Structures are given as structure tokens and as C-alpha cells.
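Inspection log for the structure reproduced underneath, given as C-alpha cells.
Every read-out reported here was derived from the displayed coordinates using simple, explicitly stated rules and does not represent laboratory data. Since the model is a prediction, treat every value here as computed from it, not as a measurement. A quick note on method: Cβ atoms are made from the backbone with ideal geometry, for glycine too, and the neighbour counts reach across all protein chains shown.
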Amino acid sequence: QVQLVESGGGLVQPGGSLRLSCAASGMSFSTYTMDWYRQTPGKQRELVAGITSGRITDYADFVKGRFTISRDNAKNTVYLQMDFLKPEDTAVYYCHSRSGWLDYWGKGTLVTVSS
């Protein structure tokens, strides 16, 4: 049974940093592309960043230069380092894995950016 468990969310002031983690189990982690999405009430879930099995990364324009995605295949974990956070980054952040026709979602972790 595949499980994706996010952690690291919380309350942070504008300009601050957080690091999200997503621990995967029940899958061949190194072969999957891993993504981070986010969603706010009333809006569609949007892609934030992704990293392929070959460690090629991609970012949404609204986080380029501020967020960094990385993976540790030995720990079956993907990370999202978030720096220079803004109030508009407030959202539930979801981990997503995909390989071919297979894809899985975590339950999300809340990030709140507020003074």
C-alpha cells in the first residue's frame, strides 16, 4: 500500500523559511517523479515544483528563486525548501508521486504565512 506523508508545515512570518518533507512507502520511490502541489479554499490545486527520477527539476513561475525541491532516494523522501515566504504562499501543500499511469497523493500539510 502506497503512502505519502507530508510534514513540516506550520505558521511562519513573511520573509521566513520552512522545509516540507514527504516520506514515501510502499513504492519504488527512486523511479517516481515527485511533485509538490498547493491549494487554497475556492481555488484549484496548482503545481508548485517537481523532480524527476533523474533529478531534473521544474518550478512554477511564482516560486522560482524562492523554493527548492530535492529528493533523498536512500530515505524515500522528497523535500521542499521554501524561503522568502509571502502571505500568498499560504495553502495546504500536497505531495504527489507519478510513474506511468500510477499516481498517488498525500493528505497535505498546512503552511500559513502571516505576521
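A few remarks follow.
- Take the Cα of L110, step 7 Å toward its Cβ, do the same at R45, and the gap between the two points is 1.8 nm.
- Value of relative contact order over the chain, rounded to a whole percent, pairs C-alpha under 8 Å and six or more apart: 36
- Most to least packed among 64-75, 84-95 [average Cβ atoms within 10 Å]: 84-95, 64-75
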